[in-house]
Amino acid sequence: MTLAEREEAYSPSSRIGGDYAPYVAAYRERSAEARARIDRWQEHAYGEAPRQRLDLFMPPDSDGGQLPPLLVFIHGGYWQELSKADSSFAAPAWVDRGVAFAAVDHTLAPAASLHEIVAECRQAVRWLHGHADELGIDPHRIVVSGNSAGAHLAAMVAGADDLVSATVLISGIFDLSPLVGTSIAEPLGLSAADAEALSPALLPVDGFPRSIVCWGEVETEAFKEQSRRFAASLLASGTSCTSFEVEARNHFDVVLDLADPASAIGNGVASLFDEATPGAS
């Protein structure tokens, strides 16, 4: 593809008329409602930088004494926008079902390189795992999810170690090489070497955890193909992977199905907690 074609192919808003602000407003409003509704939530620092923070939402105490599993969510925004303040909209759905929920923040480009952003997200999940006992979560049932650039980051976290039992990758980008030279890559300073080192699709996926890979029907073909190819590579490596397209959803609203346990995404997440097994001990 030419540069102009790549710019359009990797512009998700091109399929919805260019204005994604209403979706961001919905994320923010629903996330504020979640923080107001759930009593047991707290901000935690997983590092020293200002944005190395996460919000952890806990379900009510269980009489059975079993620690709840954890669903981690990493937001999208092409590594340059959004925050944890926009990312807790799905928390009530999972807390109500006995699952803890963590919304992860990270430093945004251009204040951080993509290498640094990936390292921060890995640090956040390692912090959650390492502090699981005191936080009251099950370190053996951590599912990491994300949408768009957040799905890329979730995949980079899952591929780094065996602390993650499963992933939910929504409308992700897994091969960054088409972004090199585009306006998207400019704030990241993304080089061809960076793209090769930071693309889940170009890295070994042996041992990758059980996964769901999905995307919206109203997406650019480039984004759909990114997900299809990554799902195929996981299956080829022996990873259990379910992939599907969500009817009538676009790049920006498909992630809202994470807040609906009756949706295909919601049902898939529930099955991961029941069936996925971690590598960590």
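The values are calculated or read from the model by the stated rules, or taken from the named source; none is laboratory data. In this text, all values refer to a predicted model and were calculated from it rather than measured experimentally. Don't worry about glycine lacking a Cβ; one is built from the backbone with ideal geometry, like all the others, and counts go over all protein chains shown.
Residue pairs, Cβ under 6 Å, 6 or more apart or interchain, first in segment 161-176 and more than 10 Å from P200 (Cα to Cα) and of a type in the set (V, I, T), second part of a strand (DSSP E or B) and at pLDDT 95 or above. List them.
Partner pairs satisfying both residue conditions: V164/I142; V164/V144; T167/V144; T167/S211; V168/S145; V168/I212; I170/N147; I170/C214.
Of the conditions (1) surrounded by fewer than 16 Cβ atoms within 10 Å (Cβ to Cβ); (2) under 19 Å from the mean Cα position of the chain (by Cα); (3) part of a loop (DSSP other than H, G, I, E, B), R228 fails just one. Which one is it?
R228 satisfies every listed condition except (3).
Out of all the residues in segment 248-255, is one or more buried (at least 18 other Cβ atoms within 10 Å of the Cβ), of a type in the set (G, A, S) and not in a helix (DSSP H, G or I)?
No, every residue in segment 248-255 fails to be buried (at least 18 other Cβ atoms within 10 Å of the Cβ), of a type in the set (G, A, S) and not in a helix (DSSP H, G or I).
Name the residues in segment 110-121 that are in contact (Cβ under 8 Å) with a residue 12 or more places away in the chain, under 19 Å from E48 (Cβ atoms) and not β-branched (V, I, T), would you?
Scanning segment 110-121 gives S113, H115, E120, C121.
In segment 13-25, is there at least one residue being modelled with pLDDT of 95 or more, of a type in the set (A, V, I, L, M, F, W, C) and closer than 22 Å to I142 by Cα?
So far as segment 13-25 goes, no, none of its residues is modelled with pLDDT of 95 or more, of a type in the set (A, V, I, L, M, F, W, C) and closer than 22 Å to I142 by Cα.
Considering only strands (runs of 3 or more DSSP E) fully contained in segment 23-104, which possess at least 1 residues that are within 27 Å of E186 (Cβ to Cβ)? Before you say what the answer is, go through the steps one by one.
Details: elements: 41-45, 53-57, 70-74, 100-104.
Correct list: 53-57, 70-74, 100-104.
Restricting to segment 42-80, name every residue that is farther than 21 Å from R126 by Cβ and touching a Leu at 6+ places or on another chain (Cβ under 7 Å).
Of everything in segment 42-80, those that are farther than 21 Å from R126 by Cβ and touching a Leu at 6+ places or on another chain (Cβ under 7 Å) turn out to be G76, Q80.
Could you list, in sequence order, all residues of segment 203-225 that are loosely packed, with under 15 Cβ neighbours inside 10 Å, free of Cβ contacts under 8 Å to residues at least 40 places away in the same chain and either more than 22 Å from I142 (Cα to Cα) or among the β-branched types (V, I, T) (or both)?
If the condition is that a residue be loosely packed, with under 15 Cβ neighbours inside 10 Å, free of Cβ contacts under 8 Å to residues at least 40 places away in the same chain and either more than 22 Å from I142 (Cα to Cα) or among the β-branched types (V, I, T) (or both), then E217, E225 are the ones that fit.
Restrict the check to segment 181-201 and report whether at least one residue is out of contact with any strand residue (DSSP E or B) (no Cβ under 6 Å at 6 or more places or on another chain), modelled with pLDDT of 95 or more, over 21 Å from T2 (Cα atoms) and surrounded by fewer than 16 Cβ atoms within 10 Å (Cβ to Cβ).
yes
When only residues in segment 51-80 that are more than 15 Å from P92 (Cα to Cα) and in contact with a Ser or Thr (Cβ under 8 Å, 6 or more places away or on another chain) count, which is surrounded by the most Cβ atoms within 10 Å (Cβ to Cβ)?
Out of the qualifying residues, it is I74.
If a residue must be among the basic types (K, R) and either under 12 Å from L70 (Cα atoms) or surrounded by 24 or more Cβ atoms within 10 Å (Cβ to Cβ) (or both), how many such residues does segment 104-159 contain?
1
Looking at S211 and the list (1) in contact with a His (Cβ under 9 Å, 6 or more places away or on another chain); (2) of a type in the set (S, T, N, Q); (3) at pLDDT 95 or above, which single condition is not satisfied?
The single condition S211 does not satisfy is (1).
Any chance you could count how many residues in segment 1-31 are among the β-branched types (V, I, T) and either closer than 14 Å to F252 by Cβ or in contact with a Ser or Thr (Cβ under 8 Å, 6 or more places away or on another chain) (or both)?
Just the residues of segment 1-31 that are among the β-branched types (V, I, T), to begin with: 2, 16, 24.
The next check asks that each one be either closer than 14 Å to F252 by Cβ or in contact with a Ser or Thr (Cβ under 8 Å, 6 or more places away or on another chain) (or both); those that pass are 16, 24.
Matching residues across segment 1-31 total 2.
Just checking, which of R53, R15, R35, R28 is more than 23 Å from T167 (Cα to Cα) and under 17 Å from the mean Cα position of the chain (by Cα)?
Checking each option against the conditions leaves just R28.
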